[in-house]
Amino acid sequence: MHESKCRNLHGHTYIIEVTASADELDSLGRIIDFGVIKEKLGTWLDENWDHGFLLFEEDPLATLWTSKDGVCDPSLEDHKHFLLPYNPTAENIAKYLLLEVSPELFKDTDVEIIAIVVHETPNCKAMASL
């Protein structure tokens, strides 16, 4: 269990930086149009995490959404949540976006996402990179 006030249920307004790489630039001199990154990753974030509750799948609270019989606590049915395979620290969020989400989202491009930075506050950030 976390040793400080972060042990309490709370939320963050994250800012996410994405670093992309490609073997060659396109005809306009870009790796990728930033709008494509926003459309792909931004849409995924909006659909899966925005205004939702990120939770480690082994957290005891996760059982409220995943009971053995597959029935969710009725009071939580309409509450957006996402179960992660590890604790949702800024470091692990960056890792998950880099290693799990981005390869799937950009598989139809010549672009590789090589780093994700997650800003938890204006002064605190974590990075995952290849």
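No value in this document is a laboratory result; all are computed from the given coordinates. Quick caveat: nothing in here was measured; it's all calculated off a predicted structure. Heads up, the Cβs are rebuilt from the backbone with ideal geometry, glycines too, and the neighbour counts pull from every protein chain shown.
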Can you tell me which of S21, S75, S102 moves the most in a GNM of the chain? Springs connect C-alpha atoms under 10 Å apart.
S75
Rule-of-thumb check for segment 13-129: C-alpha Rg over 2.2 N^0.38 Å?
1.23
With DSSP loop assignment and no more than 15 other C-beta atoms within 10 Å, the trypsin sites (Lys or Arg not before Pro) in segment 21-130 are R30, K68, K80, K107
Could you compute the FRET efficiency for Y86 and E24, with r as their C-beta to C-beta distance and R0 at 30 Å, rounded to 0.05?
0.30
What aspartates and glutamates could a cross-link reach from K125, if we take a straight Cα to Cα line under 14 Å and drop same-chain neighbours fewer than 8 places away?
E17, E91
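For the chain, what is the charge dipole size about the Cα centre, in debye to the nearest 20, if Lys and Arg each add +1 at the Cβ and Asp and Glu each add -1 at the Cβ? Numbers along the way, then the final one.
Numbers: 10 positive and 24 negative charges, 96 e Å.
It comes to approximately 460 debye.
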Hey, rough spin-label estimate for F53 and T13, points 7 angstrom out along Cα→Cβ, what's it come to in nanometres?
2.2 nm
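Can you put H81, H10 in order, fewest other beta carbons within 10 Å first?
On the way: H81 17, H10 7.
Least crowded to most crowded, the residues run H10, H81.
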Residue-by-residue Karplus 3J(HN,Hα) for segment 95-107, coefficients 6.51, -1.76, 1.60, Hz, glycine and proline x:
4, 5, 5, 6, 8, 10, 7, 4, x, 6, 5, 10, 5
Normalised by the number of residues in the chain, what is the relative contact order in percent for Cα pairs under 8 Å and 6+ residues apart?
33 percent
Pop out the ³J(HN,Hα) list for segment 43-49 in order, Karplus 6.51 cos²θ - 1.76 cosθ + 1.60 with θ = phi - 60°, rounded to Hz; leave Gly and Pro as x.
5, 4, 4, 4, 6, 9, 10
